[in-house]
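Each remark here refers to the structure printed beneath this line.
The values are calculated or read from the model by the stated rules, or taken from the named source; none is laboratory data. Since the model is a prediction, treat every value here as computed from it, not as a measurement. For neighbour counting, all protein chains shown are included, and Cβ atoms are generated from backbone atoms with ideal geometry for every residue, glycine included. We work out accessible area using only protein heavy atoms, side chains counted, and drop any ligands, DNA or RNA first. Shrake-Rupley method; radii C 1.70, N 1.55, O 1.52, S 1.80 Å.
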Amino acid sequence: MDATLDTAGPGAPAAPTGTPPCADTSVGTPLRGAADPAAGTQPRAAADPAPRADPAGANPAGADPAGAGPPRPAVTELRLSAFGAHRAASFALGPVTLFAGPSGSGKSQALDAYGALARLASGATLHEVFPDPLARVPDRAAPDRDGRRGFRIGCTVDGPAGPVRLDLAVQAEPGLRIAGERLSQDGQILLSTALRDPRRRSVEAAWFTGGTIGVTRAALPDDRLGTALLPLRVAGATAGQRRVLAAAEQVVVALRSVFPCDPRPDRMRAPVPPGEGRLRVDCANLADVLRRTRHECGTRHALLAEAARTGCAGPVAGLGLRAPADGAGPVTAVLDRGPGRPATDLARLGAGELRFLALALALLTGPGVLAVDPAAELLSARQALTVLADGLDRSLDRRQGAELLRLALLSGARGHIRLVAAVGEDTAGTGRGLPGVSVVDLSP
């Protein structure tokens, strides 16, 4: 059975704009859900169609200030055609995007899909990205006559090459593998893959070549993203090949430029040995990163200290360090309380204060400080890093949440940092009143 996203090949027109390319439209498709009138319903995404003008100077997704150069590659749309609780869902992503809604509405699933695409673009296998793939199969989805079920996700990436769409169909059972992938631009399919023979551990791939050949065909692994493999397989000898390479590299650069930030206060209290000073996902090495920013990033360190005055209780004169004189022992970060007052170890701060400091640091820095693999295809100054934060405001009060949004807008105005987060109603309410913040409301 054909498990491709559609029957067209490279060079053919893609699905019409506005039509979910992975919607369950054909009878017998292996990723089709059970017939259920309620299965196709999806809460309308109440997101701003485009970022509003920001008095502070925030620009559209990934864009530089006027006249500064071409836009940085950035994911501007996330599509969950069939993923968990989501059906035929499409979400616009701006410089600061907040997913809001009650428990079970799919906030975390949306961020999980974004993170999954990012890991696949970085070269991870399906088994590494989806250890429990059946949990991603749409609710009430029934297997086809061959016992197959799966899910579909995708995104749009804007950048110097223009908008590029990536759509992916994954078979979850009887075995985890890619069933179909499509890369398209301006209504033309540049890459398509299909699982033709279930007995082989490969998919049939075809990409646009142009010239006298037209299309190049080859087998690709069925457990890796074909778009991420194209730069290794396409020579770039024809105009068509160069177009495919530009589109693929733009998508890979944008998806790889992601930092999933999940501060764990229980791991952030102990002194840490000095290291390379790159913030880890759990932020357990916060003290070591502050040591580095204090010496190498004076301006951003000062901005973080200023934010700490809002996000931490009591007077804050600055952020300091306590370390052995020889520099060989563990490092402890402290809040400087001002003249005549003893400093406070970060270990004594509340969970909300620690999470606030770690998230603020992530929003004020970039690839050189965060533990991400920078994309070699572009200079770091030409990249836009996206911070993914599930439960951004967990353990935070309204004031702390509002300050993080202010910092996100400040960094977003420069085009270097973007934020996609799941939040509670308090922070969502604050975001609705801030120009430049898009709130996706997943409430029924």
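Approximating the spin labels as points 7 Å out from Cα along Cα→Cβ, the residue 139-to-residue 77 distance works out to 2.5 nm.
Amide hydrogen proximity for residue 331: with H placed 1.01 Å from N in the peptide plane, the residues at 5 or more positions away or on another chain lying under 5 Å are 272. Under a no-solvent Debye model with one identical scatterer per Cα of the range 135-178, what's log10 I(q)/I(0) at q = 0.23, 0.33 Å⁻¹? Debye output, listed in q order: -0.77, -1.17.
The Cβ shell under 12 Å around residue 260 holds other residues with a net charge of -2, Lys and Arg each +1, Asp and Glu each -1. A crude spin-label estimate for the pair residue 132 and residue 173, with each label 7 Å from Cα along the Cβ direction, gives 1.4 nm.
If each residue of separation counts as 0.36 nm, what is the full-extension length gain between residue 125 and residue 425 once their alpha-carbon separation is subtracted?
Details: separation 300, 0.36 × 300 = 108.00 nm, distance 3.54 nm.
Between residue 125 and residue 425, full extension yields an extra 104.5 nm.
Computed over the range 143-270, the P(r) curve from all C-alpha pair distances, binned at 10 Å from the origin, holds 12, 38, 28, 14, 6, 2, 0 percent per bin. Rolling a 1.4 Å probe across all protein chains gives residue 201 an accessible area of roughly 140 Å².
Tell me, Kirkwood radius of the range 274-369 from alpha-carbon pair distances, in Å?
Numbers: mean 1/r = 0.0745 Å⁻¹.
One decimal place: 13.4 Å for the Kirkwood radius.
Compared with the alpha-carbon gap, the fully stretched path from residue 398 to residue 302 is longer by 32.3 nm at 0.36 nm per residue.
Rounded to two decimals, what is the ratio between the C-alpha radius of gyration of the range 304-350 and 2.2 N^0.38 Å? Don't skip to the answer; put the middle values down first.
On the way: Rg = 11.3 Å, N = 47, 2.2 N^0.38 = 9.5 Å.
Against the empirical 2.2 N^0.38 Å value, I get 1.19 for the range 304-350.
Label-to-label distance, residue 242 versus residue 217, with points set 7 angstrom from Cα along the beta-carbon direction: 2.8 nm.
Placing one equal scatterer on every Cα of the range 206-313 and applying the Debye formula, the log10 ratio I(q)/I(0) at q = 0.13, 0.14 Å⁻¹ is -0.69, -0.72. What a 1.4 Å probe finds exposed on the range 126-168 is 49% carbon and sulfur by accessible area, rounded to a whole percent. For the range 89-159, what D do you get in µm² per second when you plug the Kirkwood radius from alpha-carbon pairs into Stokes-Einstein at 20 °C and 1.002 mPa s? In µm²/s, the coefficient rounds to 151.
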